[in-house]
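Participant: The structure under discussion is supplied below as structure tokens; questions concerning it will follow.
Nothing in this text is a laboratory measurement; each read-out follows from the coordinates by a stated rule. Just so it is clear, the structure is predicted and the values come from calculations on it, not from any experiment. FYI the Cβ positions are ideal-geometry reconstructions off the backbone, even for glycines, and counts take in every protein chain you see.
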């Protein structure tokens, strides 16, 4: 199998797995969020629409992070925050709806699983892995090139002006010291 075919199958696997996790999380969370909204004395229509706003926020945030990743940018801070906020609301609603009826720890953990699984799936897809070895990563070296302006007249071209550079008292090399000794006759 060629590497492009392998890449396509891997992408299909990612997409299928993600849709399964997201679909289960949306299904589970919809009922719990609607129930919590009803318990919070919201009108029946609003209680049924509330889960769509939470899941919609998470979907918009996911799409924004995917867009940023495709453009080789860091994910937007608001997108990451919005996704985490939606996941927290969904998890809290799942826990609250279950705690009201059952209250046992096992029911609460099971209720919290779906939105947490979705959160983890998004983070896995959104963040690339790190290189195995830092020495393998390409090194980018920036160079600065100073462009000088061409002379305007022929006179400037024939008689260049030299700028004086500061002289540091650097130690003389062996050959320079040897030449001075020869001139002094030593």
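Participant: Multiply the residue separation of residue 71 and residue 24 by 0.36 nm, subtract the distance between their alpha-carbon atoms, and state the gained length in nm to one decimal. Can you show the working numbers first?
Facilitator: Values: separation 47, 0.36 × 47 = 16.92 nm, distance 2.90 nm.
14.0 nm is the gain from fully extending residue 71 to residue 24.
Participant: Then there is this: Can you give the extra length, in nm with one decimal, that the chain gains between residue 116 and residue 42 once fully stretched, where that is 0.36 nm per residue apart less the Cα-Cα distance? Provide the component values of the computation, followed by the final result.
Facilitator: Details: separation 74, 0.36 × 74 = 26.64 nm, distance 2.56 nm.
Length gained, residue 116 through residue 42: 24.1 nm.
Participant: How would the stretch 3-126 be classified by its alpha-carbon gyration tensor: rounded, prolate or oblate, with rounded meaning a/c under 1.5 and the a/b versus b/c comparison settling the rest? The partial results should precede the final answer.
Facilitator: Values: a/c = 2.48, a/b = 1.80, b/c = 1.38.
It comes out prolate by the Cα gyration axes.
Participant: Another one. Residue 133 versus residue 85, label points 7 Å from Cα toward the beta carbon: distance in nm?
Facilitator: Going from the residue 133 label point to the residue 85 one covers 4.5 nm.
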